[in-house]
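Heads up, the thing below is written out as structure tokens.
The values are calculated or read from the model by the stated rules, or taken from the named source; none is laboratory data. Only a predicted model underlies this, so the values are computations on that prediction, with no experimental measurement involved. Neighbour counts are summed over all protein chains in view; Cβ atoms, including those assigned to glycine, are modelled from backbone coordinates with ideal geometry. Note: accessible area is taken over every heavy atom of the protein model, side chains too, but ligands, DNA and RNA are not part of it. Shrake-Rupley method; radii C 1.70, N 1.55, O 1.52, S 1.80 Å.
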There are 2 protein chains.
Amino acid sequence: MSVPRWLKAIKDALAVPDNKGKVVYQVATVDSQNVPHARTQVNRGFIIPKSSPHLPLLVSSSDVRAPKVVQMLSNSAVELCWWMEGSQDQFRLLAKANIIPPPDSRLKTITSSLQGFSITALDEAGEESEDEGDRLGTDGKYDWEKKRREVFEGMKPAMRASWCAPVAPGSPISSYDEPSKWPREVPNLEDLKTDEDRKNYETALSNFAMVVFEPFKIDWVQLGEQPNRRTEFIRKGSADVVHWEEQIVAP
Amino acid sequence: MSVPRWLKAIKDALAVPDNKGKVVYQVATVDSQNVPHARTQVNRGFIIPKSSPHLPLLVSSSDVRAPKVVQMLSNSAVELCWWMEGSQDQFRLLAKANIIPPPDSRLKTITSSLQGFSITALDEAGEESEDEGDRLGTDGKYDWEKKRREVFEGMKPAMRASWCAPVAPGSPISSYDEPSKWPREVPNLEDLKTDEDRKNYETALSNFAMVVFEPFKIDWVQLGEQPNRRTEFIRKGSADVVHWEEQIVAP
């Protein structure tokens, strides 16, 4: 079993100089009224399990208080639309969204009951991931909390500060200036100096959720090719017989 | 009544040099299984009704045979996510999608029964639009077919050819080379020379749907501002007392 061709295609596209910085995709979700929503999110990397490299995951993040978390918990089906303008590639990834909140979050029970197939496989294998070093927990399972903290540590100080806003994203506030009273930067763990820094770091970490996408259908359109090309990859089978079926389709 | 502030904001953002060419957004829809989908679409312009400039519409297009048309007909709620990387502005537009198919399309009855408020207002006023000249039909109503043909005429020949593919977008085909046997360019009306050109033009036009989005909630995030700004615009009221409520919210 090896890394699927669609992931190689995404990484190849990301390596095209004209696609520099194109690490964002739009994530579509459905709310409880069956109304769709979409917003831009940053891809924070991939998880490629050693024992199941054919089932890679994509990592993003959210404030636990954001509406998209509620939406993903009530309907975990999402579609990522990754448009790489430079090479004119569009990747659409139909996926199951897994929310990884802080261990003591009230969301933890819900998220545990909803976890997807790859997540479970990774849990049970309890192994390190190929790309990014050891995350084996003391219980022999994959250490999601360690990974969540690493992703959090990888953020810029200004971004990290966004998770210690005193109100949830989208809440009414009185003026554009109000956020200037909120923490503007939260340093990395090793650069925390004051008690306030440490308090802000903890607050931000407590509002920080990792979002892990497990794709099961990919639609790749290559508008940079003449004639245009379009390929679908569909996950078939279950457990260790999972494989990807590839089909050329009309662009 | 005047053009809403959110439309001015979109047009201002589009005019920023670093946003050159950023005329695409991702359109999120929901299918009959309540699974979300998102794909990149090109914005083909705005319609600003003279008697109701506060209710502007956005124009895009689709192949009538595309799955998104089925999705928009079964659930007309969509969200457009318009990320303008240059200025770091994100506009999310919750909207009602209106499909404008060819007049003789089997979809016509469905689409007519689903049309939104602005569309009806424009129909009844039967007036020209502010930006783009007279489209008053002989029956005193807005001439949607005329507009559909104009948008079609505005396409590049290679794009226009995509609508005369012999199979629907997404249908399985045998090889990447197969589309090279299909028409590669369909000229503008005045440049049609051969019978084949004329046939292809008619085929493409018969598969071409205009998609008109009627926004009712806009979420504008300005990541280029420090502190970041976020503003919501919500359509309130009905008929000629419709207005936009503006609220500053936490970014």
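Once the C-beta distance of A:K141 and B:N228 is scaled by a Förster radius of 41 Å, the resulting FRET efficiency is 0.65 to the nearest 0.05.
Taking a span of 30 Å or more along the helix axis (Cα atoms) and a mean Kyte-Doolittle hydropathy of at least 0.0 as the rule, no DSSP H helix of chain A qualifies.
Pairs spanning more than 28 Å between alpha-carbon atoms, out of A:K156/A:K193; A:K199/B:K217; B:K20/B:K156; A:K68/B:K96: A:K199/B:K217. Per-residue shielding of B:77-89, expressed as the average number of other chain Cβ atoms within 10 Å of the residue Cβ, stands at 4. Inter-copy label distances for A:P103: 7.0 nm (label point placed 7 Å from Cα along Cα→Cβ; shortest first). Taking θ as phi - 60° and the Karplus parameters 6.51, -1.76 and 1.60, the scalar couplings of segment B:97-105 work out to 8, 10, 8, 10, x, x, x, 9, 6 Hz in sequence order, x denoting glycine and proline. Taken per residue, the accessible surface of the protein assembly as shown reaches 44 Å², heavy atoms only and a 1.4 Å probe. For chain A, the relative contact order comes to 21 percent (Cα pairs under 8 Å, sequence separation of at least 6).
Once the Cβ-Cβ distance of B:S51 and A:K20 is raised to the sixth power relative to R0 = 41 Å, the FRET efficiency obtained is 0.30. The trypsin sites (Lys or Arg not before Pro) of segment A:136-213 meeting both criteria, a DSSP state outside H, G, I, E and B (loop) and at most 12 other C-beta atoms within 10 angstrom of the site's C-beta, are A:K193. Three semi-axes describe the equivalent ellipsoid of segment B:80-123; taken as square roots of 5 times the Cα gyration tensor eigenvalues and ordered largest first, they are 30, 12, 8 Å. The length gained on full extension between A:D197 and A:V70, counted as 0.36 nm times the residue separation minus their Cα-Cα distance, comes to 42.8 nm.
Residues of segment B:29-55 whose accessible area, computed with a 1.4 Å probe over protein heavy atoms, drops by at least 10 Å² once all protein chains are present relative to their chain alone are B:V30, B:N34, B:V35, B:P36, B:H37, B:A38, B:R39, B:T40. Nonpolar atom fraction for chain A, defined as the carbon and sulfur part of the 1.4 Å probe accessible area, stands at 51 percent. In this Cβ point-charge picture (+1 for Lys and Arg, -1 for Asp and Glu), chain B has a dipole of about 500 debye about its Cα centre.
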